[in-house]
Amino acid sequence: MKTYLITGGAGFIGSTLSEKLINLNNKVIVVDNFCDYYDPKIKEKNIQNLQNNKNFCLYKVDIRDLTQMDEIFQRHNIDCIVHLAAMAGVRPSIENPILYQSVNGMGTQNILEIAHKYNVKNLVMASSSSVYGNCSEVPFKETFVVDYAISPYAATKKANEVMAHVYHHLYDINIIMLRFFTVYGPKQRPDLAINKFTRLMLEGREIPMFGDGTSSRDYTYVDDIVDGIIKSIKYNFDNDNVYEIINLGNSSPVSLKEMINTIAEVLNVEPQITQLPMQPGDVEKTYADISKARKMIGYNPKVSFKEGITKFIEWYRNL
């Protein structure tokens, strides 16, 4: 049995990962501040089934609070940190860049510093496909230069990759940075498009479509992402001197129009669409080259977009 500390562990990806790790007979310590970016009750529900498990421990703590984080590490012998906590979203980061720098920048710095202090040698950390900006070449490879962010959120994620390398180099910490590509599925945040559009269609309301519908995203089902995280953890435990940046996507982009039509088809409704201008900071497309993930960690996404939407809507209807 290993002990994992998961930051942001009550969120969408974090709670799904927590369940999986506990089912694999591990101990999970979740750190989450339950901020009001969306209704904290959603996070409470995410971890409801774990609360009485003897191998689960929850701390309602902000990762920027180094004193409280230090106390957690004094109490527990952590084998691996999975750092998922962040202020998420491109558009909100433009409205409040200082908050994003505080949480994603200083918060991540705290995680790296405390890993060094308590000699935790294995970290897996969430980066984002947003770091690629409006790269014209596709699919996106980890070797691309990503120095031209177009949102504060993307800039913080790129900065985290750089700072993580510093701690790997100075303190011999194994670190894998995972660039997630548009994760969706059960427990998805209510502000994300698939969740939002499902809700609007069921209510018979209009769908806001930014742009002409040709922008595309490499939607990746949450179970495939969690599988990639667990495979990355294993790679870290099995190897020395690890610093890697790895794409986790589905390598099969879906246009905005196709996404709306797929949800409508599964719901058996006719979508009402209002076309609006593209939003600042939004990219035209994301498209992951996952050949490195396949080769290095054995990553192999299995869930097609329509299958994933069907699973999501089944979950949504049972809320």
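What is the extension gain from VAL166 to LYS302, computed as 0.36 nm multiplied by their sequence separation minus the C-alpha to C-alpha distance, in nm to one decimal? Intermediate values should be presented prior to the final figure.
Details: separation 136, 0.36 × 136 = 48.96 nm, distance 3.44 nm.
Computed gain between VAL166 and LYS302 is 45.5 nm.
Report, ordered by chain and residue number, the lysines lying within cross-link reach of LYS231, taken as a straight Cα distance under 16 Å and ignoring same-chain residues fewer than 8 apart.
LYS2, LYS20, LYS292, LYS295, LYS302
For the range 281-319 and the range 8-44, write down the distance between their C-alpha centroids in whole Å.
The range 281-319 and the range 8-44 have Cα centres separated by 20 Å.
Less than 19 Å apart at the alpha-carbon level, and either on another chain or at least 8 residues along: which aspartates and glutamates does that give for LYS234?
Leaving aside aspartates and glutamates fewer than 8 places away in the same chain, those within reach of LYS234 are GLU19, ASP79, ASP172, ASP223, ASP224, GLU244.
SER251's amide H: which non-local residues (gap 5+, or another chain) put their own amide H closer than 5 Å, with H modeled 1.01 Å from N in plane and none for Pro or chain starts?
ALA288
Placing +1 on the Cβ of each Lys and Arg and -1 on the Cβ of each Asp and Glu in the range 181-319, which of LEU248, MET259, PRO186 has its Cα farthest towards the positive end of the resulting dipole?
After comparing all options, I get PRO186.
About the Cα centre of the chain, how large is the charge dipole given +1 on each Lys and Arg Cβ and -1 on each Asp and Glu Cβ? Please answer in debye to the nearest 20.
It comes to approximately 640 debye.
What are the ³J(HN,Hα) values, in whole Hz, obtained from phi via the Karplus relation 6.51 cos²θ - 1.76 cosθ + 1.60 with θ = phi - 60°, for each residue of the range 286-291 in sequence order, with x given for Gly and Pro?
Using θ = phi - 60°, the values come out as 10, 7, 8, 7, 10, 5 Hz.
Please turn the phi angles of the range 137-153 into ³J(HN,Hα) values with the Karplus equation 6.51 cos²θ - 1.76 cosθ + 1.60 (θ = phi - 60°), one per residue in order, whole Hz, x for glycine and proline.
Values, residue by residue: 8, 10, x, 6, 9, 4, 7, 5, 6, 10, 9, 10, 4, 10, 8, x, 4 Hz.
Nothing charged except the Cβ atoms of Lys and Arg (+1) and of Asp and Glu (-1): what's the magnitude of the dipole of the range 22-70 about its Cα centre? Round to the nearest 20 debye.
280 debye
Considering only the other residues whose Cβ falls under 11 Å of the Cβ of PHE56, what net charge follows from Lys and Arg at +1 and Asp and Glu at -1?
Summing Lys/Arg as +1 and Asp/Glu as -1 gives +1.
For the range 11-28, what does the Karplus curve 6.51 cos²θ - 1.76 cosθ + 1.60, with θ = phi - 60°, yield as ³J(HN,Hα) per residue in whole Hz, taken in order and with x for Gly and Pro?
So the J values, rounded to whole Hz, are x, 4, 6, x, 6, 5, 5, 4, 4, 5, 5, 5, 5, 8, 6, 10, 9, 10.
To make sure I understand, if each residue's beta carbon is the centre and we count other beta carbons within 10 Å, what order do SER304, SER151, SER215 fall in, fewest to most?
In order of increasing Cβ crowding within 10 Å: SER304, SER215, SER151.
Which value, in debye to the nearest 20, gives the size of the charge dipole of the range 91-155 about its Cα centre, when Lys and Arg are +1 and Asp and Glu are -1 at the Cβ?
Charge dipole, the range 91-155, about its Cα centre: 220 debye, nearest 20.
Which order do VAL30, VAL166, VAL183, VAL303 fall in if you start with the one that has the fewest other Cβ atoms within 10 Å?
Fewest-to-most ranking of VAL30, VAL166, VAL183, VAL303: VAL166, VAL303, VAL183, VAL30.
Would you give the gap between the C-alpha center of the range 116-187 and the C-alpha center of the range 46-98, rounded to a whole Å?
Cα centres, the range 116-187 to the range 46-98: 18 Å.
Please give the calculated 222 nm ellipticity per residue for the chain, where each DSSP H segment of at least 4 residues contributes -39500 (n - 2.57) and the sum is spread over every residue; nearest 500 deg cm²/dmol?
-12000 deg cm²/dmol
Take the Cα of ASN77, step 7 Å along the line toward its Cβ, and report every residue of the range 116-137 whose backbone nitrogen sits under 19 Å from that point.
116-123
Sorting LYS157, LYS302 on the 10 Å Cβ count, fewest up front, what's the list? Present the calculation step by step, with values, prior to reporting the outcome.
On the way: LYS157 26, LYS302 11.
Ordered by Cβ neighbours within 10 Å, fewest first: LYS302, LYS157.
No value in this document is a laboratory result; all are computed from the given coordinates. Quick caveat, the model's predicted, so the values are computed rather than measured. Note: ideal-geometry Cβ built from the backbone for every residue, glycine included; neighbour counts use all protein chains shown.
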